[in-house]
Amino acid sequence: MFRTIWRSRRAPAQTVDLRGGAIPGRLSLCRISSRTGQGDVAGQARRGARHSNAASVLLGVLLERIYGRPYADLLSRYVEKPLGLGAGTGEGRASLQVAGYGADATPRPRFNQPVMLAAAGLHYSAADMANYLTAQIDRRTPAIALSQQPLFAVSDADSIAFHWTVGRKADSKTYLRHSGGTFGCSTYCDFHPDQRFGIVLLANRVTRDTQEDLKKMAEAIHLALFGAPAGLARLHRLLEASDYSDVTATVALVKRQNPELFLKEEYLNDWAYRLLKAQRAKAAVGLAGYNAAIRPESWNAHDTYGEMLAANGDKARAIAEYQRSIELNPANSSGKGMLAKLQSQ
């Protein structure tokens with residue numbers, strides 16, 4: 001698929017009729033509808049990204065119409081064989097497929113929707129995925145390199161490439177990640193080009209939090225193998241030594257020696273919750289307050305700060321933070337519940 005996209009950029013312009021009916025053995029376009037509404041679509045993308053299979057399905061249809069071959073054939077020719085992957089379509093390896101399970105531990109049916117092949121339903125082993133990540137890290141194919149280029153930013157930490165989220169690490173270097181799932185199976189993979197390291201995690205039981213749990217597991221494995229970046233490790237030591245008395249000044253001190261230090265909102269948020277869980281509410285307030293101060297437009301940062309203040313007994317400031325969070329995100333139902341609870345006390 002990557003190589004066909006690269007070639008199509010060089011090929012003469014073509015007009016592709018998407019109104020035709022289903023072609024045997026190929027994808028068909030039933031209906032692609034937009035939920036973005038009218039207005040500045042690019043602006044909406046910058047404010048946040050939401051997953052949709054429609055773009056991938058549409059791309060699959062385009063590739064079939066342009067090259068006149070079923071998507072499975074294109075996948076085999078341009079991706080699977082060059083990268084050393086087994087067949088991800090068909091029934092040739094059906095006996096190797098695991099059973100998927102839901103949150104209640106009951107079996108889930110296998111995903112079998114040919115129309116969705118460009119978006120979901122491919123079946124690969126861990127060895128296949130290792131070969132795939134090796135090719136991503138090597139970037140020897142121009143189309144693979146092209147697919148990793150960020151297209152637009154969704155935050156100060158993350159950008160969106162072609163099906164990859166390009167993240168910024170604590171040392172300001174980048175890594176790429178992707179996750180997905182179908183019924184009772186879920187997958188997470190990421191790779192770090194600067195360290196030539198990648199990881200794939202496959203699960204055959206899915207809950208609401210499985211993909212996020214796999215992501216955190218991958219992060220823990222990476223940390224165990226490589227350790228924390230120098231600046232982040234130094235920040236942890238100094239904040240512990242000062243009991244988080246002045247987070248802003250401590251971060252500034254570390255950045256003078258380690259200017260590459262980058263503190264992701266999610267990382268600071270999780271760090272504050274770990275402190276709270278350890279019965280260190282005052283320290284959690286200091287960290288969450290710093291996060292909200294450097295990200296004044298983040299509803300979640302203010303929400304977390306409000307929770308830490310409430311846990312530390314600062315009701316008035318907690319109410320103010322929850323109000324700010326709800327102002328930024330009127331759909332913050334949990335924040336509304338906490339605000340009402342504080343105001344009734």
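The values are calculated or read from the model by the stated rules, or taken from the named source; none is laboratory data. In this text the structure is predicted, and so the values were computed from the model without any measurement. Virtual Cβ from ideal backbone geometry, glycine too; neighbours counted across all protein chains shown. Just the protein is used for accessible areas: all its heavy atoms, side chains included, with ligands, DNA and RNA removed. Shrake-Rupley method; radii C 1.70, N 1.55, O 1.52, S 1.80 Å.
Of note:
- Packing rank of 71-84, 302-315, where each peptide gets the mean count of other beta carbons within 10 Å, highest leading: 302-315, 71-84
- Within the accessible area of the chain (1.4 Å probe), percent carbon and sulfur: 53
- Semi-axis lengths, Å, the stretch 43-162, gyration tensor of Cα atoms, sqrt of 5 times eigenvalues: 26, 21, 17
- Probing with 1.4 Å while keeping every protein chain in the model, the per residue accessible area of the stretch 148-289 equals 51 Å².
- Principal-axis analysis of the Cα atoms of the chain puts helix 247-257 at an angle of about 60° to the longest axis.
- All aspartates and glutamates inside 18 Å of LYS215 as judged from Cα atoms, apart from same-chain residues fewer than 8 positions distant: ASP158, ASP190, GLU265, GLU266, ASP270
- Residues considered: LEU122, LEU133, LEU96. Largest GNM mean-square fluctuation over the chain, using C-alpha springs under 10 Å, is found at LEU96.
- Charge dipole (the chain, unit charges on Cβ, about Cα centre) - positive-most of PHE191, GLN149, PRO107: GLN149
- Electrostatic bookkeeping for TYR132 treats Lys and Arg as +1 and Asp and Glu as -1; over the other residues with beta carbon under 12 Å from its beta carbon, the sum is -3.
- Other residues whose C-beta falls under 14 angstrom from the C-beta of ARG234 contribute a net charge of 0, scoring Lys and Arg +1 and Asp and Glu -1.
- Considering all C-alpha pairs of the stretch 105-204, those separated by over 23 Å amount to 32%.
- You can think of it this way: the chain between ALA126 and ASN53 has 23.9 nm of extra reach, that is 0.36 nm per residue less the Cα-Cα gap.
- Each peptide in 275-288, 105-118 gets a packing score, the mean of other Cβ atoms within 10 Å over its residues, and the list from highest to lowest is 275-288, 105-118.
- Accessible area in square angstrom per residue, the stretch 58-109, 1.4 angstrom probe: 52
- FRET efficiency for the ILE66 to ILE221 pair, using the beta carbon distance and R₀ = 41 Å, is estimated at 0.55.
- Percent of beta bridges antiparallel (DSSP, the chain, rounded to nearest 5): 95
- Using the Cβ-Cβ distance between LYS173 and LEU342 with R0 set to 30 Å, the FRET efficiency from 1/(1 + (r/R0)^6) comes to roughly 0.15.
- Over the chain, relative contact order from alpha-carbon pairs under 8 Å, at least 6 apart, %: 11
- Cα-Cα separations in the chain greater than 37 Å, expressed as whole percent: 30
- Label separation (ARG139 vs ALA99): 4.4 nm, computed from points 7 Å beyond Cα along the C-beta direction.
- In degrees, nearest ten, helix 281-294 long axis to first principal axis of the chain (Cα): 60
- Extending 7 Å from Cα along the Cβ direction at ASP156 and again at ALA233 yields two label points whose distance is 2.5 nm.
- Relative to the longest principal axis of the Cα atoms of the chain, helix 210-226 runs at roughly 70 degrees.
- Out-of-range pairs (alpha-carbon distance over 26 Å; input LYS216/LYS264; LYS277/LYS336; LYS81/LYS173; LYS173/LYS277; LYS169/LYS315; LYS277/LYS315): LYS81/LYS173; LYS173/LYS277; LYS169/LYS315
- Charge dipole magnitude, Cβ of K and R +1, D and E -1 - the chain, Cα centre, debye nearest 20: 700
- Förster radius 25 Å - calculated FRET efficiency between ARG317 and ASP213 (Cβ-Cβ, nearest 0.05): 0.15
- Ranking GLY286, ALA301, TRP271 by how far each Cα lies toward the positive end of the dipole of the stretch 219-345 (charges on Cβ) leaves GLY286 at the top.
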